[in-house]
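To keep things clear, I will list the structure first and then write my remarks on it.
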Amino acid sequence: MAQETKVAEKVRMLDIYIMGKRYQVSEGLTIMTALEYCGYRLIRGCGCRAAFCGACGTVYNFKNDPTLRYALACQKLVEQDMYLTQIPFFPAAKPSYDLDKMEPTGEQILKIYPELVTCFGCNNCTKSCPQDLEVLWFMSDALRGDIKEVAIKSFDCLMCGLCAARCPQGLVPYNISLLCRRLYGRYIAPKSKHVDERIAEIEAGKFDAEIEEMEKLSLEELRRRFDERKIIKD
Amino acid sequence: MPYPAYMEESIRKVEATRERRLKEELPRIPVGERMPVLKEFHPDFIEAGMRELLVGPNKGDRTPNELADLLEGNSRIDPDKIELDKVDYDVDVLVIGAGGAGAAAALIAQENGANVLIATKLRLGDANTIGYQGGTQAADRPDDSPALHYLDTVGGARFTNDPKLVEALVKDAPDAIRWLESFGVNWDKNPDGSYFEVGLAGECVPRCHCCKDYTGLEVMRVLRDEVKCRNINYVEFGPAIELIMDDKGRVAGAVLVNLETNELSLVRAKAVVMATGGIGRLHTQGFPTTNHYGATADGLVLAYRVGCPLVDIDTMQYHPTCAAYPLAILGLLVTEKVRGLGGQLLNIDGEQFANPLEPRDVLAACIIRECRQGKGITTPTGEVGVWLDSPRIDVLHGEGTVARNFPAMVRQFARFDIDMTKKPMLVYPGLHYQNGGIKFSPDGATPVPGLFAAGECEGGVHGKNRLGGNSTLDLWVFGRRAGRTAAQYVKEVKLSKLTLDHVRRWQKELKEAGLAEVRPISPKLLPDYARQPYDYLADYVTERLQPGQIKVA
């Protein structure tokens with residue numbers, strides 16, 4: 001009995017509100033695990049559960065503070081009096097384009113996303129980013145055609161969609177920056193010579209004999225070769 | 001939640017030994033001497049965690065209990081209630097799964113003239129691919145070669161791989177990197193344009209290509225965009241729950257279910273590419289996992305029921321370093337790149353106990369051994385782990401190296417008030433990858449006509465232990481190969497009458513083996529994390545599921 005009391009004391013219970021209904025959950029749960037603890041079986045709004053896929057971008061506020069906050073449900077710990085709701089990821093404008101036929105210029109970006117010019121700098125996108133990216137900054141870089149800067153500043157974007165959800169002009173920063181990164185990787189980043197040379201060597205069959213020989217080696221000989229191989233560190 | 005005081009005490013020991021450890025390197029265990037530590041401490045060798053399959057093509061083979069239950073599971077459908085003459089989609093190639101392998105297969109199949117449909121359980125790109133951090137191996141450096149890549153790969157697996165699959169893997173690798181770059185993937189590069197390559201465990205030359213520690217995110221969001229740009233048809237939240245065959249024994253489509261409305265739809269397809277990924281959410285032997293929400297081995301179950309054998313299903317990969325603290329991110333992948341750049345593993349006294357670049361199976365076993373011997377650090381909630389000394393990287397390579405290479409991880413730990421550039425991380429092995437899977441050949445074909453496989457759901461490439469950076473390479477190499485072969489195959493196939501007789505035969509086999517009433521329904525589709533999980537036992541005995549009444553796991 002004494003031991004039970006001790007355990008009960010150790011775990012602090014918090015009041016949270018899911019779509020208006022009150023639940024008690026233990027401290028230390030994330031928004032996602034708290035929903036599951038309360039009996040919600042997640043289908044949408046749940047993906048990698050490790051802050052990579054952007055499926056669980058969510059909003060929350062507090063019982064006595066209506067200001068909206070933004071987070072990834074898989075990372076944000078629940079707090080006392082938190083008000084939760086789930087926003088499933090919803091589709092956004094995504095034109096088709098052929099990267100082969102494009103040029104890495106500002107005009108090109110405006111051709112695909114002409115609405116970019118309607119941004120009036122309210123900064124809601126930046127405020128809503130659960131990765132704390134400077135969304136408005138890279139949107140203005142995109143407007144100026146500075147593709148490299150967009151690629152650098154937007155690189156950590158999970159495409160969770162919260163910025164687009166909050167944009168009063170209906171812009172989709174995560175798709176615009178994706179186009180910029182693709183143009184950067186394809187056309188602007190310096191090219192590797194090694195990879196072209198190696199592909200040509202492979203196509204010419206340069207390594208075939210060596211690999212085929214290893215395929216036929218006795219286990220003992222292969223093991224010896226493996227243990228004796230030279231290790232290059234950098 | 002920063003580290004509690006008693007853990008800080010152990011961190012001070014880590015800091016005290018750091019300078020001495022700058023030059024300390026423990027020897028790697030020779031390949032012939034790995035078995036004793038593996039046999040004693042690796043989960044694959046724990047007898048109670050495995051059992052022999054009683055039915056199907058792998059009858060008599062051992063596999064983890066959690067997977068055995070599903071492979072011996074009951075179908076979600078009653079074939080008598082399904083009208084196969086009313087199909088909803090009629091395509092050349094159906095790709096099941098929309099991670100890296102599925103996207104690659106779909107793109108290449110379409111390029112080769114096939115009409116393609118992708119069906120996936122969650123969203124396009126919600127897959128293990130998106131969470132991969134470390135990178136992709138490819139031997140493109142002048143001092144490297146595909147032959148060395150071959151040697152590393154087979155040695156890492158204790159020579160248990162299929163040599164022809166490994167040959168395909170290493171020879172296609174440089175081209176896979178260039179192919180992804182042609183779509184605009186931002187690989188990390190040196191100023192001269194050569195790739196920034198990290199040496200992961202078991203590699204004799206650094207050959208892992210990365211995009212900071214968001215490699216999977218970068219590649220997946222680009223491929224997802226390309227699939228959309230090319231207007232390839234896809235169905236989200238619509239997993240396959242059974243394959244359809246024709247009366248000549250060829251795979252000829254699949255039954256999909258709408259995860260939210262329970263509605264079924266039927267796909268007739270001349271070829272099916274299975275690209276459903278891994279198994280982590282089965283939590284074999286109770287391990288936490290690095291895998292995404294949908295990793296429940298569905299493709300293995302479907303392939304097994306059409307008579308396709310599986311290989312190497314007695315081995316799972318437990319990634320040596322997954323977060324053990326704080327509890328909210330238990331099981332979070334801590335990429336091998338941390339060790340590749342100089343992170344050492346330390347016990348409670350701040351001492352090394354294994355070379356951090358041992359292959360994953362060996363290192364996982366060494367960590368478990370250290371903890372069993374009382375040299376681990378126990379967290380306030382009872383988890384145990386060892387230190388991974390990330391600050392050593394900045395000491396070795398200069399301040400800012402950690403922040404530059406691991407933005408995702410720095411952010412993840414910072415959310416819990418831990419600065420991994422200054423403090424070590426507490427880690428323990430977690431379920432990471434299914435080494436084996438569907439038997440297939442280098443062109444992507446399985447032994448069952450019309451069925452192709454790519455990515456984590458297939459087996460043989462990695463034998464009984466995969467090297468870091470080879471799983472994602474597997475996606476691009478075999479995804480593209482399966483897509484190409486499937487597109488060729490459909491040009492010559494004319495399907496005959498569709499049938500679900502294989503499901504009838506399967507249920508009969510289960511019944512005769514006395515299993516029908518004691519096994520769950522499968523595929524599992526999603527894990528049971530909600531507090532009142534669905535009751536398997538109540539359901540399948542009393543009411544055989546019918547179309548329109550399909551319940552989710």
Dipole of segment B:1-89, positive end: most advanced residue of B:M50, B:S75, B:V37 [Cβ charges, Cα centre]: B:V37
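For segment B:116-155, what is the convex hull (Cα atoms) projected area averaged across all directions, in square nanometres? Before the final figure, lay out the partial values.
On the way: hull surface 20.8 nm².
Average projection, Cα convex hull of segment B:116-155: 5.2 nm².
Just to check, using Stokes-Einstein with a Kirkwood Rh over alpha carbon pairs, what's the diffusion coefficient of segment B:44-93 at 25 °C and 0.890 mPa s in µm²/s?
This corresponds to a translational diffusion coefficient of 177 µm²/s.
Label segment B:373-435 by shape, choosing from rounded, prolate and oblate, from the square roots a ≥ b ≥ c of the eigenvalues of the Cα gyration tensor; if a/c is under 1.5 it is rounded, and otherwise prolate applies when a/b is larger than b/c, oblate when it is not.
In terms of gyration-tensor shape, prolate.
With the cut-off at 22 Å, tell me which of the pairs A:K193/B:K228; A:K76/A:K127; B:K171/B:K494 have Cα atoms farther apart than that.
Where the Cα-Cα span goes over 22 Å, the pairs concerned are A:K193/B:K228; B:K171/B:K494.
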Area projected by the alpha carbon convex hull of chain B, averaged over all directions, nm²: 24.2
Debye intensity ratio I(q)/I(0), log10, the protein assembly as shown, q values 0.06 Å⁻¹ (C-alpha model): -0.35
Global form of segment B:259-321, assessed from the alpha-carbon gyration tensor, a/c cut-off 1.5: oblate
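Could you tell me what percent of the accessible area of the protein assembly as shown is made up of carbon and sulfur, with a 1.4 Å probe and every protein chain present? List each step's numbers first, then the result.
Numbers: 14670 of 28800 Å².
Ligands and nucleic acids excluded, carbon and sulfur reach 51 percent.
Buried accessible area between B and A (1.4 Å probe, both chains summed, ligands and nucleic acids excluded), in Å² to the nearest 100? Don't jump to the answer; show the numbers that get you there.
Values: alone 20540 and 15450 Å², together 28800 Å².
It comes to approximately 7200 Å² buried between B and A.
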Reduced Cα scattering model of segment B:359-464, Debye log10 I(q)/I(0), q = 0.10, 0.16, 0.21, 0.22 Å⁻¹: -0.50, -0.88, -1.07, -1.11
For segment B:1-56, diffusion coefficient by Stokes-Einstein and Kirkwood Rh (Cα), 25 °C, 0.890 mPa s, µm²/s: 153
Partner aspartates and glutamates for A:K206 [C-alpha distance under 20 Å; skip if fewer than 8 residues away on the same chain]: A:D196, A:E197, A:E215, B:D140, B:D143, B:D144, B:D152, B:E167, B:D172, B:D175
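Ignore the peptide's own chain and count Cβ atoms of other chains within 10 Å of each Cβ in B:146-154; give me the average, rounded.
5
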B:Y489 - accessible surface, heavy atoms, 1.4 Å probe, Å² rounded to 10: 50
Cα centroid of segment A:187-234 to Cα centroid of segment B:319-398, whole Å: 31
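Determine the dipole magnitude for the protein assembly as shown: charges of +1 sit on the beta-carbon of Lys and Arg, -1 on that of Asp and Glu, nothing else is charged, the reference point is the Cα centre, and the result goes in debye to the nearest 20.
Working: 98 positive and 108 negative charges, 192 e Å.
Computed charge dipole of the protein assembly as shown: roughly 920 debye.
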For q = 0.20, 0.24 Å⁻¹, Debye-computed log10 I/I(0) when each Cα of segment A:180-226 counts as one equal scatterer: -0.75, -0.86
Accessible area of A:K76 in the full protein assembly, 1.4 Å probe (Å², nearest 10): 60
Accessible area, probe 1.4 Å, largest first, for residues B:D389, A:D15: A:D15, B:D389
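What translational diffusion coefficient, in µm²/s and rounded to a whole number, does the Stokes-Einstein relation yield for segment B:226-303 at 20 °C and a viscosity of 1.002 mPa s, taking the hydrodynamic radius as the Kirkwood radius over Cα pairs? Walk me through the numbers before you get to the answer.
Values: Rh = 14.3 Å.
Estimated via Stokes-Einstein, D reaches 150 µm²/s.
Would you please classify the overall shape of segment A:1-154 from the alpha carbon gyration tensor, given that a ≥ b ≥ c denote the square roots of the eigenvalues, rounded means a/c under 1.5, and beyond that prolate means a/b larger than b/c while oblate covers the rest?
On the way: a/c = 2.99, a/b = 2.63, b/c = 1.14.
Since a/c reaches 1.5 and a/b is larger than b/c, the shape of segment A:1-154 is classed as prolate.
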Principal axis box of segment B:1-125, alpha-carbon based, largest edge first, Å: 72, 39, 38
Distance violations [Cα-Cα > 21 Å] among B:K164/B:K464; B:K164/B:K491; B:K164/B:K189; B:K13/B:K422: B:K164/B:K491; B:K164/B:K189
Cα gyration tensor of segment B:164-296 - equivalent ellipsoid semi-axes, whole Å, descending: 34, 20, 18
Distance from segment B:196-219 to segment B:9-77 (C-alpha centre basis), Å: 23
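Determine by what factor the alpha-carbon radius of gyration of segment A:75-234 differs from 2.2 N^0.38 Å, reporting the quotient. Spell out each step's value before the answer.
Numbers: Rg = 23.9 Å, N = 160, 2.2 N^0.38 = 15.1 Å.
Here the Cα radius of gyration is 1.58 times the empirical estimate.
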Alpha-carbon radius of gyration plus Dmax, which is the widest Cα pair, for segment A:27-116 in Å: 18.3, 54
Proximal aspartates and glutamates relative to B:K81, as straight alpha-carbon distance under 15 Å, when same-chain residues fewer than 8 apart are discounted: B:E242, B:E263, B:D501, B:E543
Electrostatic dipole magnitude of chain B [Cβ: Lys, Arg +1; Asp, Glu -1; Cα centre; debye, to 20]: 200
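Per-residue ellipticity at 222 nm for chain B, helices alone: DSSP H runs ≥ 4 residues times -39500 (n - 2.57), over residue total, nearest 500 deg cm²/dmol?
Values: 16 runs with 174 residues, N = 553.
Helix contribution divided over all residues of chain B: -9500 deg cm²/dmol.
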Residues losing 30 Å² or more accessible surface upon assembly, segment A:112-157, compared with the chain by itself, 1.4 Å: A:Q131, A:F155, A:D156
Exposure of A:M19 as accessible area (Å², to 10), given a probe of 1.4 Å and all protein chains: 110
Residues of segment A:189-209 buried by at least 20 Å² on assembly (accessible area, 1.4 Å probe, chain alone as reference): A:P190, A:K191, A:S192, A:H194, A:V195, A:D196, A:R198, A:I199, A:I202, A:F207, A:D208
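The values are calculated or read from the model by the stated rules, or taken from the named source; none is laboratory data. Being a predicted model, the structure only gives us computed values, none of them experimental. Don't worry about glycine lacking a Cβ; one is built from the backbone with ideal geometry, like all the others, and counts go over all protein chains shown. Calculation scope for accessible area: heavy atoms of the full protein, side chains included, ligands and nucleic acids excluded. Shrake-Rupley method; radii C 1.70, N 1.55, O 1.52, S 1.80 Å.
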